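Comments concern the structure below.
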Amino acid sequence: MKFPALAIAVLFATGILAGGLIAPTLPHAFVVTVAIAFASLLLGLLLLRKHVTLALFASLLAWCLLGASAMLVERSALPSNHVRRLIAAGQLNLDEPLRWRGQLRSDPLRLPWGIRYDMDLDQVQSAAVWTSVSGGLRADYFFDQRAGEAPPALRAGDRMEVLMRARLVRNFADPGVTDHRALMAYQNIYLTGSPRSTALIEKVAGPPPRIVDWLARARGRLLTEADAMLAGAPGSAAVARAMLLGDRSFLDSQQVEAFRDTGVYHVLVLAGLHIGVLTAALFWIGGKFRLSLPARTLVTLAALGAYVAVVEDRAPIVRAASMAAVYLLGRMLFRRTHLLNAIGLAALLILVARPSELTDASFLLSFVTVGVIAGIAVPWLEAGTEPYLRALDHLGDVTRDGAHSPRAAQFRLDARASVNWLAARLPRAASPQATALVTLPCRAGLRLWELLFLSAVIQVGMIPLMAQYFHRVSLVGVAANLPAVPLTSIIVPVGFAALCTGLVWGALGHALGRILAALVGALLWSVAWFARLSWASFRLPSPPSLALVAFFLAALLCASAVLTKRRWAGRIAGAVVLAAAALIAAYPFAPRLNRGRLEITVLDVGQGDSIFVAFPNGRTMLVDGGGLAGGFYIRGARPGIDVGEDVVSPFLWSRGLKRIDVVALTHGHEDHYGGLAAVLRNFQVGELWLGPNGDSAGFFALLAEAQARRVPIIHRLKGDAFDWGGVNVDVLWPLDDTPVKALNDDSLVLRLKDGNETILLTGDIEKRVERALTADGEPLSADFLKVPHHGSKTSSTQDFLDAVRPRFAAISVGEGNAFGHPNAEVLDRLRQEGTRVYQTDHDGAISILTDGRQVTVSSFLEKP
Ligand SMILES: [Zn+2]
Ligand SMILES: [Zn+2]
C-alpha cells in the first residue's frame, strides 16, 4: 500500500460516521465496538502469515470500529457537573439571573460594540447556594468605548464573577440550518448572556495564573501591539489582527463580504497557508544559520508550537500545524515523506483526539484543499511543466540532452536555436546575455502557468464544500488569489517580525509596521478591486448528494490516475471532476417541493415570524423574514445573528430554491422584516408585498434594497383575491395603506384556501383587528391558524378563536423570550377549542401539508 496512513484515516473517518448513527443510549455500545475492534486486530495478526487478504480485511474492520468507538466515547464524555447536564436535569433555572464564577479563558476581548469575557465555569450560585459546575460561558457586555466607561481590569487566568441571566446558546431548529449550539460547544461555550452593568462583573480571589494563562496574556499583548502599530489605518489593523493572530472580530462586514465574494476569505482564517509560509520562512532562516536538518526541524517545530499556543481560533491552526509537524518529522526521520501520508497521519491524529471534527466544515475544507494540492495539482505539474523547466537548465551543455524526455529535449533544442538566433543579432557586448533573455521569460511563463493551475485546482476543489456549507461560488477566485496568496506569504512573516521586534524595540517595530500597513493595504486594494465586479460571486442551493458523491469519487480516481502516471485516465477523470463542479455551481435542478400540495412551514427564527409557503403549482412565497435584536451592524460589526442570512436563507437553499416568487411583509416591525434584506440579496425575488409602509430606517433600507434590485413593490389591501394553481388567496387586512407609525394592527392577514382546507396567516394583529374581522361576518373558520402576535395576551380573543376554530395552530416564538410569549391564557383558550398547538421554541420548524382534502402537520423536533 503506497499511502497506508491515508487509508487508515479514511477507515477511521468512516467508523466515526457510523458511530454517529449508533444511539448513545444503547447500553455497552462502546464496550462492544472496542471488543470487536481488538478481536479483529488480533485476528488480523494471527492470519497475517497464511491469509494476507483476510488479515488485511480484519485490520481494516478494526480501524473502522475504532473510529466508531472514539465517537461513542466523545459523546458520553460530558462530566456530571456539566452545565448542559445540570440544565437538562432541571437543577439550574435559567429564567432568573444567577451568579456565575470561573476563570477567564483569555484577556477580555475588546469588540466594536463592547467587551467579551469567555469563562471556564467552576461555580454557580442559585438561591444562595453555591454549586460546582463545569463548561464554558460567554458574557458580552455592550457599551460604548467612546463614552469612557471602564469595565474592571481583568486578565486571562483571573477568577471572576458575573451576575446575569445566562441562556443556552441560541439554536434554530430548521432543516438546512447550522446547529449553532454544536458549533459553539465545539469552542467549549455552552451559555451566553450579557450583564447589564459593569458593577455586575467582579474580580474574585483565585489561583495564580497557569502557563496557558500566560500564553493567553501574551496573545492579548500582541493584539494590543498590532493595534498600536497600525493605529493610523484601522481597516488594515483589523485585517492584520485576523491574519496574524486569528481575531476576526474587528473586520467590518463590507470587508468580510469582499473577501468572501472574491474567494480569498481563507487568507483571513489562520490555517494551512499561514503555517506553510511560517514553516518555510523558519526553515529558510535555519538554513542561513547553517543548522543541521534535525536542528532546523526542531527549531521550526518549537516555533510553530509557540505560535499555535498564542493564537485565537485554534482548530484550523492546530490542524495545519499537525500536518506540518508530521511532514517535517517524516522528512527528518525518513528523508522523504509523501505529503499525502503526512496528511493522512495528521487527519488520523486529529480525529482520534476529537472525532466530531470530521463533520466540521473547516476540517473538510482544509483537508480537501491540501488533498487536491498533494494528490492532483503537484503530481500533475511534476509530470507536465517540471520537465520543461528542467530542460532550461544548463542550456548550452549538449551532452545533457539525452537525459531529457523526447518532448523536453525538443523544447531544449528549440530554446537553444532561439538563443543562437538572438545572439547573432544582438550587439556583441549583449550577446552573452542571449541565454538569459530566452530562458527567463520561458521560466516566468511556466511558473505563472503553474500558479494559475494550482489556484484553479484549489478553487474547483473547494466548489462542492463551499456550495454545501456556505452556499457561495466565487467566479473570480482563481484570479483574485493570484495577488492575495503571494501577498499573504509576505504579510505573515513581515507581520511577525514587526510584532516581535515591536515588543523589544518599539521604534524598529513601528518602522516594520509601516511596511506591514502598506502590504495589508495592497491586499485590501486588490480584494476590493475584484469585489467591485458585480459577477464576482453568487449564492446557490445545497448540492444534491449524488453530485457531491460524483465529484469526490471522480477526484479520487483522478488523483490515483495522476499518482500512478496514467495520463489519459487522469484527463478523463479530471474532465468528470470539472463537469460535476460545473453542475454543482450551475444548479440546474428543480427545487425540492411537494408538487400538487400546498405546504406552509412556520420557521423557527427565535422571537419573530417567518413562514414559507409552497403552492401546488410550484410557486413560492415567503411571509416575513424574522429578525433578532443584535442582527444589525454596529460600527461595521454584527454582535448577533442575521436571521435572514443565517437561518431563513439556508432553509430556502436546503429546498433547492434560487428564486422566491413573492416575499410578503406583514408589517413594519423588526422581528418580521429584519431578515428580508438578506433574502432579497440572496434570492431572485419576483414581487414584494406590503401592507402600509413602516416608519423605521431599517424598513426604508429594505425598500431601497428592493428598488435597487428592481423588485416590484405591491401594496396588498383587504379585498384583494387571486387564484394560484387551485389555491385561493384572500387578503383580509389591512383596510388601507396610508402610511402611519408601524403597528401590529397594520398586519397583512392572508387566507389560503386549497379545496376543503383553509389556512389563516395573521401576522401580529391584536384585539381591534380580530374584532373587526369577526364583526365583518367574514367566514374565518380555518383548519390551520398562525396564532396572532406570537401568542401574546393582546391577541387571540375568545370571539376570534370561536370564529376560527382551528384544528391545528402554530405559535412562532423565541425560547425564553422577554415578553412572556406565549401567554398561558391564550394557550388555555386554544386548548379549549380542541386545537393541537405547536410552538417553534419547542417543536422547531412546523410544516403543514395538504392536498385539499387532508392536512398533515409535522415538526422538525418531533418526538415519536
Ligand atoms: Zn412580531
Ligand atoms: Zn409586530
Checklist entry - Looking only at region 431-457, which residues are surrounded by 13 or more Cβ atoms within 10 Å (Cβ to Cβ) and of a type in the set (Gly, Ala, Ser)? => result SER431, ALA434, SER455, ALA456
Next on the checklist: Quick check on region 149-167. Is at least one of its residues at pLDDT 90 or above, out of contact with any Pro (no Cβ under 9 Å at 6 or more places or on another chain) and loosely packed, with under 15 Cβ neighbours inside 10 Å?
Outcome noted: no
Checklist entry - Taking ILE660, is it away from ligand 2 (no atom under 16 Å from the Cβ) and at pLDDT below 95? => result no
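Given TYR186, TYR190, which one is under 30 Å from LEU98 (Cβ atoms), surrounded by fewer than 15 Cβ atoms within 10 Å (Cβ to Cβ) and aromatic (Phe, Trp, Tyr)? Working first, answer last.
On the way: TYR190 fails: surrounded by fewer than 15 Cβ atoms within 10 Å (Cβ to Cβ).
So the residue among TYR186, TYR190 that is under 30 Å from LEU98 (Cβ atoms), surrounded by fewer than 15 Cβ atoms within 10 Å (Cβ to Cβ) and aromatic (Phe, Trp, Tyr) is TYR186.
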Checklist outcome for this item: With criteria (1) in a helix (DSSP H, G or I); (2) open to solvent by less than 60 Å² (accessible area, probe 1.4 Å); (3) in contact with a helix residue (DSSP H, G or I) (Cβ under 8 Å, 6 or more places away or on another chain); (4) modelled with pLDDT under 90, PRO486 comes up short on (3)
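Among the helices (runs of 4 or more DSSP H) lying completely within region 186-293, list those that include at least 2 residues that are among the charged types (D, E, K, R). Step through it out loud before you land on a result.
Numbers: elements: 211-229, 234-245, 253-261, 272-288.
Output list reads 211-229, 253-261.
Take region 518-542 and flag every residue that is in contact with a helix residue (DSSP H, G or I) (Cβ under 8 Å, 6 or more places away or on another chain) and either loosely packed, with under 14 Cβ neighbours inside 10 Å or assigned to a helix (DSSP H, G or I) (or both). Break it down stepwise before answering.
First, the residues of region 518-542 that are in contact with a helix residue (DSSP H, G or I) (Cβ under 8 Å, 6 or more places away or on another chain): 519-524, 526-528, 530-531, 536-537, 539-542.
LEU519, VAL520, GLY521, ALA522, LEU523, LEU524, SER526, VAL527, ALA528, PHE530, ALA531, listed by residue number.
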Checklist entry - Which of the strands (runs of 3 or more DSSP E) contained wholly in region 756-864 include at least 1 residues that are hydroxyl-bearing (Ser, Thr, Tyr)? => result 757-761, 836-839, 846-850, 855-859
Checklist entry - In region 595-625, how many are touching a strand residue (DSSP E or B) at 6+ places or on another chain (Cβ under 6 Å) and more than 16 Å from ligand 1 (Cβ to nearest atom)? => result 13
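May I ask you to verify whether ARG428 is within 27 Å of ARG567 (Cβ to Cβ) and either among the small types (Gly, Ala, Ser) or open to solvent by 90 Å² or more (accessible area, probe 1.4 Å) (or both)? Spell out how you get there, then give the answer.
Numbers: within 27 Å of ARG567 (Cβ to Cβ): no; either among the small types (Gly, Ala, Ser) or open to solvent by 90 Å² or more (accessible area, probe 1.4 Å) (or both): yes.
No: the conditions fail for ARG428.
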Next on the checklist: Tell me whether region 379-389 contains one or more residues that are out of contact with any helix residue (DSSP H, G or I) (no Cβ under 8 Å at 6 or more places or on another chain) and either open to solvent by 60 Å² or more (accessible area, probe 1.4 Å) or at positive phi (or both).
Outcome noted: yes
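Please specify each residue of region 556-593 satisfying the condition of being outside any helix (DSSP H, G or I) and open to solvent by 60 Å² or more (accessible area, probe 1.4 Å).
Step one: list which residues in region 556-593 are outside any helix (DSSP H, G or I), which gives 564-566, 587-593.
Scanning region 556-593 gives THR564, LYS565, ARG566, PRO588, PHE589, ALA590, ARG592.
Quick check: is even one residue across region 415-436 within 30 Å of VAL485 (Cα to Cα) and among the aliphatic types (A, V, I, L, M)? Even if it seems obvious, please write down each step before you answer.
Looking only at region 415-436, we keep the residues that are within 30 Å of VAL485 (Cα to Cα), and these are 436.
Now restrict to residues that are among the aliphatic types (A, V, I, L, M): 436.
Checking region 415-436: at least one residue is within 30 Å of VAL485 (Cα to Cα) and among the aliphatic types (A, V, I, L, M).
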Item to check | Output for region 86-120, where each listed residue is closer than 18 Å to SER134 by Cβ and among the basic types (Lys, Arg) | outcome: ARG99, ARG101, ARG105
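Restricting to region 612-625, name every residue that is in a loop (DSSP other than H, G, I, E, B) and within 16 Å of ligand 2 (Cβ to nearest atom). Spell out how you get there, then give the answer.
Just the residues of region 612-625 that are in a loop (DSSP other than H, G, I, E, B), to begin with: 615-619, 624-625.
Result: ASP624, GLY625.
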Checklist entry - Among the residues of region 676-708 satisfying the criterion of being within 16 Å of ligand 1 (Cβ to nearest atom) and farther than 15 Å from GLY763 by Cβ, which is farthest from the chain's Cα centre (by Cα)? => result ASP695
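Here's the yes/no breakdown for (1) at pLDDT 80 or above; (2) open to solvent by 30 Å² or more (accessible area, probe 1.4 Å); (3) farther than 22 Å from PRO209 by Cα; (4) touching a strand residue (DSSP E or B) at 6+ places or on another chain (Cβ under 7 Å):
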{"site": "ALA58", "(1), (2), (3), (4)": "no, no, yes, no"}
{"site": "ARG84", "(1), (2), (3), (4)": "yes, yes, yes, no"}
{"site": "GLN123", "(1), (2), (3), (4)": "yes, yes, no, yes"}
{"site": "SER134", "(1), (2), (3), (4)": "yes, no, no, yes"}
Next on the checklist: Among (1) open to solvent by 60 Å² or more (accessible area, probe 1.4 Å); (2) under 24 Å from ARG514 (Cβ atoms); (3) touching a residue at least 40 places away in the same chain (Cβ under 8 Å), there is one condition ALA205 misses while meeting the rest; what is its number?
Outcome noted: (2)
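Search region 757-810 for residues being more than 16 Å from ligand 2 (Cβ to nearest atom), within 19 Å of VAL857 (Cα to Cα) and among the β-branched types (Val, Ile, Thr), and hand back the single one that is nearest to the chain's Cα centre (by Cα).
Here is the first cut: in region 757-810, the ones more than 16 Å from ligand 2 (Cβ to nearest atom) are 757-760, 771-785, 797-810.
Filter once more, keeping what is within 19 Å of VAL857 (Cα to Cα): 757-760, 781-785, 804-810.
Right, trim to among the β-branched types (Val, Ile, Thr) and you get 758-759, 804.
Details: THR758: 39, ILE759: 36, VAL804: 43 Å.
In this case the residue turns out to be ILE759.
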Checklist entry - Which of the residues that make up region 759-781 are more than 16 Å from ligand 1 (Cβ to nearest atom), touching a Lys or Arg at 6+ places or on another chain (Cβ under 9 Å) and open to solvent by less than 10 Å² (accessible area, probe 1.4 Å)? => result ILE759, LEU760, LEU780
Item to check | GLU815 being over 39 Å from the mean Cα position of the chain (by Cα) and acidic (Asp, Glu) | outcome: no
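So that you can scan it fast, the table gives a plain yes or no per residue for (1) of a type in the set (A, V, I, L, M); (2) open to solvent by 30 Å² or more (accessible area, probe 1.4 Å):
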{"site": "HIS266", "(1), (2)": "no, yes"}
{"site": "GLY276", "(1), (2)": "no, yes"}
{"site": "VAL299", "(1), (2)": "yes, yes"}
{"site": "ALA302", "(1), (2)": "yes, yes"}
{"site": "PRO316", "(1), (2)": "no, no"}
Checklist entry - Which members of region 826-862 meet the condition of being open to solvent by 80 Å² or more (accessible area, probe 1.4 Å) and closer than 26 Å to LEU628 by Cβ? => result HIS842, PHE860, GLU862
Item to check | Residue check, ARG116 open to solvent by 70 Å² or more (accessible area, probe 1.4 Å) and within 25 Å of the chain's Cα centre (by Cα) | outcome: no
Checklist entry - Would you pick out the residues in region 412-456 that are within 30 Å of GLY574 (Cα to Cα), in contact with a helix residue (DSSP H, G or I) (Cβ under 7 Å, 6 or more places away or on another chain) and without any contact (Cβ under 8 Å) to a residue 24 or more places away in the chain? => result ARG412, ALA456
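Among residues belonging to region 594-611 that are of a type in the set (D, E, K, R) and open to solvent by less than 20 Å² (accessible area, probe 1.4 Å), point out the one that is nearest to ligand 2 (Cβ to nearest atom). Full working, then the answer.
Filtering region 594-611 down to residues of a type in the set (D, E, K, R) leaves 595, 597, 599, 604, 609.
Retained after the next criterion (residues that are open to solvent by less than 20 Å² (accessible area, probe 1.4 Å)): 599, 604, 609.
On the way: GLU599: 25, ASP604: 18, ASP609: 8 Å.
Going through the qualifying residues, I end up with ASP609.
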Checklist entry - Do you know which residues across region 731-756 are closer than 18 Å to GLU599 by Cα, under 40 Å from the mean Cα position of the chain (by Cα) and more than 16 Å from ligand 1 (Cβ to nearest atom)? => result ARG751, LEU752, LYS753, ASP754
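The values are calculated or read from the model by the stated rules, or taken from the named source; none is laboratory data. Predicted model, so just to flag it, every value in this text is computed and none were measured. All Cβ positions, even for glycine, are placed from backbone atoms using ideal geometry, and neighbour counts span all protein chains on display. Accessible surface areas use protein heavy atoms only, side chains included; no ligands, DNA or RNA. Shrake-Rupley method; radii C 1.70, N 1.55, O 1.52, S 1.80 Å.
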